Each structure stands twice: as C-alpha cells, then as structure tokens.
There are 2 protein chains.
Amino acid sequence: MDLKEAQEKFISTWGAFGTQWGINRTMAQIHALLLISEEALSAEDIMKKLNVSRGNVNMNVRDLLSWGIVHKVLKFGERKEFFAAEKDIYKTAMQIMKERRKRELGPVLELLEDLKLAEINEQGGDHFSKVVSEIHTFGESTNKMLDKMIKADEHWFTGSLMKFFVKK
Amino acid sequence: MDLKEAQEKFISTWGAFGTQWGINRTMAQIHALLLISEEALSAEDIMKKLNVSRGNVNMNVRDLLSWGIVHKVLKFGERKEFFAAEKDIYKTAMQIMKERRKRELGPVLELLEDLKLAEINEQGGDHFSKVVSEIHTFGESTNKMLDKMIKADEHWFTGSLMKFFVKK
DNA sequence: TTAAACTTTCAAAATTATCTGAAAGTTTAG
DNA sequence: CTAAACTTTCAGATAATTTTGAAAGTTTAA
C-alpha cells in the first residue's frame, strides 16, 4: 500500500464513518484530510484533493470551525486563508463532546424538565411522568460526568481515569 | 399541557434528536413511543399512532430488535406480535454503547491497524503514520474504557464512577 | 479609486436516505 | 389440508440532505 492509497483509504473511511454519526460525508472527509495534512490547506487545495465544489468546501469548513476542531491559519505574504485541524486527537474528542453536550444534551434536558413540570393528571399520566423523570435523572448524571471530563486536563484523563477503569 | 400533547412532544423531539446521531426519525420515534407506552404495542398500533406504513414499522422495529433495546412480547391468546422497549434507561444506554462499539469502533480500529502495518516509506509518510498511530492509541483506550463500563453493573456506574467524578 | 484576489451565498440540481404499499411469504387454527 | 391472520420484502415513489456553480459580496494591493 503506497502513501496515496493509504491516505485515500483513511479519508474515505472517516467519511463513511461520519455519516453513521449524523455528520455529512464531505465534512468528515475535509476533517480527515486536514488531520493527515502536514501543512495547512486552502479552500482551493481541499477542492482539488476531494473533488468537491467551492461552495461545499466553504460551508463545511465553516462548520468545522464552529465545532472548534479546525482553525484558520494565515500564511505570511499570502492573501488567502488556510485551514488546519487540531492535531491532538484527545483535544479533538473533548471538543466534540463539549459541543455535542451544549448543542444536544442541553435542549433535551430542557424538554424533559418542561415535561416534568407539566401537570398531567390523566389516566396513564403517572407512567409517562415516571419515564420522563428517569430519563431526566440519567441525562443529568451524564451531563455532570461530561462536565467533569471536559474540565479535567489531559493527564487526568489518560492517567487517573484510565487507571480507575483498568483497576476495576 | 395535556398528556397527549406531552407525549407527542416527547416523541417528536426524540425523533429529531435521533437524526442528529445518524438514527432515522421513524426508528427514534418508535423507540420513544414504546418507552412511554405502558403496554406492549403491535405493528398495527404503531402504524396508527405514528401514521407510518406497515413496511416502515416492520423495518424499524426489526432494527430496534437488532440493537437489543426493544423486545418481542407474546400475549396469551393473541396471534400477533407485540413490542416493548427496555424501560431501564441505564440498560438502554449501555446496550447502545455496546452495539455502537461493536459495529463502529471495531471496524475503525481494524482500518487503523491495517494502515499502521502498511509500509510507507515515502516523503510525508512519517507524518501520516504518526497521526494514524495516535488515533489508534486513543481508539484503543476508548475501547477498553467502554468495555469496562459495559461489563460493570449498574450500581458500580451510578455509585463508584459517579463518586469518582464528583470527587474530582 | 479600482480591479484583482479571494470568500460567501443560495436557488436549483443531484444525490442519498427513507417510506410506501401491494405482493409474496409464513404461521396457525380449525 | 386450507384459508385467514399475520409478517416480510422490495421496487418505485417521496422526502430530505447535500452539492454545485455562478453571482454577489468583501478585502487588499497598488
């Protein structure tokens, strides 16, 4: 397997994998490409490598920026913008957790709170309230746990937490 | 808010939420419906409540069965099959973790191993190998951690692990 | 200024994922 | 058996998402 082949395999698998997690293929592929790219790349570079349109690259790069896992890089003497992925995979994972927590877990917890507060005295209302409460409790625990994980430093994660799990 | 309204809100939010995680809306909605349903439901019941076709219900219920978070229930004296969701939300979450680990993390780790093994001596090959190795290491750690979590009992999760995080 | 270099936008087109429903398949009661 | 009750399948239809590309917008060098 030569380098080009290996890189393409990596990019396309990363892309296919992304779609299973609700991330569009191109976005995942751009991320993969930037991960394995030593240099920061311009929109033009990405277009050529992945064979996608300018608009598509623009939209997805902006999305990756909003997730905080890709950054703009300005090259001295160059007018155009370049992009580079956060190379520390641990930081990347934490950042994705953080964003998903904020964007998704938050709103769901809010809904569950609303549903808990709603007064439901009808037949069957007890069961519904019980299910909602249990999910809410679980969600709150998960939320707290994620919070700790996100705030902890890397050493703690790879050190103490891993030891905790291995010990078990 | 009356019960019906609350239930519909729950089902549709669960559905919308699912799509962000690569789960199709109907599947997530069926799951939500079964979660809040005291009785097991037949395909017919689900069709009526969610207003979807027989084929769609069949496909998605089978999918939920394959994830191990919905079970068949046979009612005495009835020929048709009924379905009920696992009601323990902790067990459900563990089951989903377990399946995602098996279906997705496994294949990715395999790819990363293949890429690590491939001999790449070209210019730029070092960087590529380094990235692949780091992701692989991270993936292996995650894999081990998930393994412990899945094998541990519920008490351990809500007890020791939570304490560990709160202590921190 | 201004014009070239570059980025963003977004309506329409292309693609992909999901859903329908009727037909085929299966099971069971009698 | 056999016919009714029920489940599964899957080709085609529909819906949702993604992509394109050209036009509009912005920035900068001179």
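Every number in this text was worked out from the coordinates using simple rules, so none of it is lab data. All of these numbers come straight from a predicted model, not from anything done at the bench. So basically every Cβ, Gly included, is an ideal-geometry build from the backbone, and we count neighbours across all protein chains shown.
Observations
- Extents of the protein assembly as shown, largest first, come to 73, 46, 36 Å (Cα atoms, principal axes, whole angstrom).
- Under the criterion of Cα pairs below 8 Å and six or more residues apart, the relative contact order for the stretch A:89-167 equals 38 percent.
- Between copies, residue A:4 shows label-point distances of 6.4 nm, shortest first, with the point placed 7 angstrom from Cα along Cα to C-beta.
- Full extension of the chain between residue B:151 and residue B:51 yields a length gain of 32.2 nm, computed as 0.36 nm times the residue separation minus the alpha carbon distance.
- Relative contact order (%) - criterion: Cα under 8 Å, at least six apart; region: the stretch B:3-85: 26 percent
- Helix-derived mean residue ellipticity, 222 nm - over chain A, DSSP H n ≥ 4, -39500 (n - 2.57), to 500: -20500 deg cm²/dmol
- Taking the C-alpha atoms of the stretch A:30-154, convex hull volume expressed per residue in Å³: 150 Å³
- Our summary gives chain B a relative contact order of 15 percent, counting only alpha carbon pairs under 8 angstrom and 6 or more residues apart.
- Inter-label distance for residue A:122 and residue A:164, nm, one decimal - labels placed 7 Å from Cα along Cα-to-Cβ: 4.3 nm
- Spin-label model, residue B:44 to residue B:16: label points 7 Å out along the Cα-to-beta-carbon direction sit 3.3 nm apart.
- A label point on residue B:91, set 7 Å along the Cα-to-Cβ line, lies at 4.3 nm from each of its counterparts in the other copies, closest listed first.
- GNM flexibility winner over chain B from B:126, B:147, B:45 (Cα, springs under 10 Å): B:126
- Copy B relates to copy A by a rotation, and the B residue whose beta-carbon is nearest that axis, with the distance in whole angstrom, is B:22, 2.
- Seen through its C-alpha gyration tensor, with square-root eigenvalues sorted a ≥ b ≥ c, the stretch A:3-85 comes out prolate because a/c lies at 1.5 or above while a/b is bigger than b/c.
- Eligible lysines near residue A:75 by straight Cα distance, threshold 30 Å, same-chain separation 8 or greater: A:4, A:9, A:48, A:49, A:87, A:91, A:98, B:130
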